[in-house]
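The numbers here are math on the coordinates, done by the rules we state, and not lab data. Note that the structure is predicted; figures quoted are calculated from it, not measured. Every residue, glycine among them, receives a Cβ derived from its backbone with ideal geometry; neighbour counts consider all protein chains shown.
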Amino acid sequence: KVVCVTGASGFIASWLVKLLLERAYIVKATVRDPNDPKKTEHLLALEGAKERLRLFKADLLEEGSFDAVVDGCEGVFHTASPVMFSSTDPQAELIDPAVKGTLNVLKSCVKFATVKRLVLTSSTAAVIFNGRPLTPDVVVDETWFSDPFFCENFKQWYVLSKTLAEEAAWKFAEGNGIDLVTINPSYVIGPLLQPSLNLTVEMILNLKNDIEDVNSSIYSCSDVRDVASAHVQAFEVPSANGRYCLVGHVIPMAKVLKILHELHPSLCPPEKYEEANPSEPTYQVSQEKAKSLGVNFLPLEVSLRDTVESLKEKGFLKTFYIC
Ligand code: NDP
């Protein structure tokens, strides 16, 4: 079977390409610059890549850019979207590539009858930001939608870009008879396949500096291996439909800092570790629908351990440790 993955050099997409190759798919993968070895070498080194991975150049903002890659595919995985939490020009840097890019990919899907399903990498950013209180008795589920006005009021531009992109995708898919499934993870962590740092993995290095009040902060995360496997299931399980919240853990930040302290003391200094109270109750995100897809969430300790190991292996942790 032939499938395509947009933004293949990214953190989540690299794992998705790896799983798809392992499952014997022919994978057509888009990157912005196929001649940049930092973006492609780790993909070309994957098992099965030589025989079944083909790279294509595509840009979210170029009309028709995805036609060649979508042509002939049964499954389309659209993961490409800018991931940045600060921006000087949110419309150009985040919103346009997210929304116009998604519509660009959907328009390509309409052109080719081979396409059976589109799996879109959305986010809890498109689920949770609507002003509803997140008290410990609350269980967020797939019926929640973020409110664009709320995102805009709080200048949450990345959140807004994901919310508008998912909204646009549903509208277009419903109007054009596309079988769309979305995967909505929270902060994704786990081992890196690519040589560069990803923003949400990098956050692990800086949590100790970024958190002002350890005991009032909440962290939610998803393991990249669970996220990638959910994408595959979303394509392979015929009954998969609608949105899937894909959140492994919603926990007090204090718990994360305690585990990080044990894994690598430089990641959480003693003062933060000592003031941490890891047992505060938090809101939860329903895993019911994700589990019905066959996703088995990895334990938090495993995700954090493997993230830290990967940071060490790639030399990122040592640099920060010495500093
Ligand atoms: P990465 O930054 O690792 O990957 C993003 C990918 O998007 C890169 O391949 C990048 O290409 C591509 N991209 C960005 N802008 C463009 C453009 N204009 N044209 C073509 N490609 C472009 O991020 P992640 O793997 O973390 O994220 C992948 C998806 O998952 C995104 O849609 C993100 O919103 C979503 N997501 C991520 C979460 C996380 O915590 N990381 C959580 C929830 C959802 P290039 O390599 O050339 O820059």
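Values as computed for the structure displayed
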| quantity | calculated |
| --- | --- |
| Length-normalised contact order for the chain - Cα pairs under 8 Å, 6+ apart - percent | 17 percent |
| Contour minus Cα-Cα distance for residue 107 and residue 152 (0.36 nm per residue) | 13.5 nm |
| Tilt relative to the chain, helix 157-176 - C-alpha long axis, 0 to 90 degrees, to 10 | 30 degrees |
| Alpha-carbon centroid distance for the pair region 63-120 / region 267-287, whole angstrom | 37 Å |
| Three-way shape call for region 47-98 based on the alpha-carbon gyration tensor, with the a/c threshold at 1.5 | prolate |
| Cβ-based net charge around residue 291, under 14 Å, with every Lys or Arg adding one and every Asp or Glu removing one | -3 |
| Of all DSSP beta bridges in the chain, antiparallel share, percent nearest 5 | 10 percent |
| Prolate/oblate/rounded call for the chain, Cα gyration tensor, a/c under 1.5 rounded | prolate |
| Listed residues 291, 50, 28, most fluctuating in the chain (Gaussian network, C-alpha, under 10 Å) | 50 |
| Nearest-ten-degree value, helix 96-111 long axis tilted from longest Cα axis of the chain | 40 degrees |
| Neighbour net charge for residue 255 - beta-carbon separation under 12 angstrom, K R +1, D E -1 | -2 |
| Net charge of neighbours whose Cβ lies under 12 Å from the Cβ of residue 164, counting Lys and Arg as +1 and Asp and Glu as -1 | -2 |
| Nearest-ten-degree value, helix 199-210 long axis tilted from longest Cα axis of the chain | 20 degrees |
| Candidates 128, 211, 251, ranked by Gaussian network fluctuation over the chain, Cα under 10 Å, top entry | 211 |
| Contact order normalised by residue count of region 73-173, Cα under 8 Å, 6+ apart, percent | 38 percent |
| Value of [θ]222 nm, deg cm²/dmol, for the chain, DSSP H segments ≥ 4, -39500 (n - 2.57) each, nearest 500 | -12500 deg cm²/dmol |
| Mean separation of Cα contacts under 8 Å, 6 or more apart, over the residue count of region 46-102: relative contact order % | 37 percent |
| Cα-based shape type of region 73-144, given that a ≥ b ≥ c are square roots of the gyration tensor eigenvalues and the cut on a/c is 1.5 | oblate |
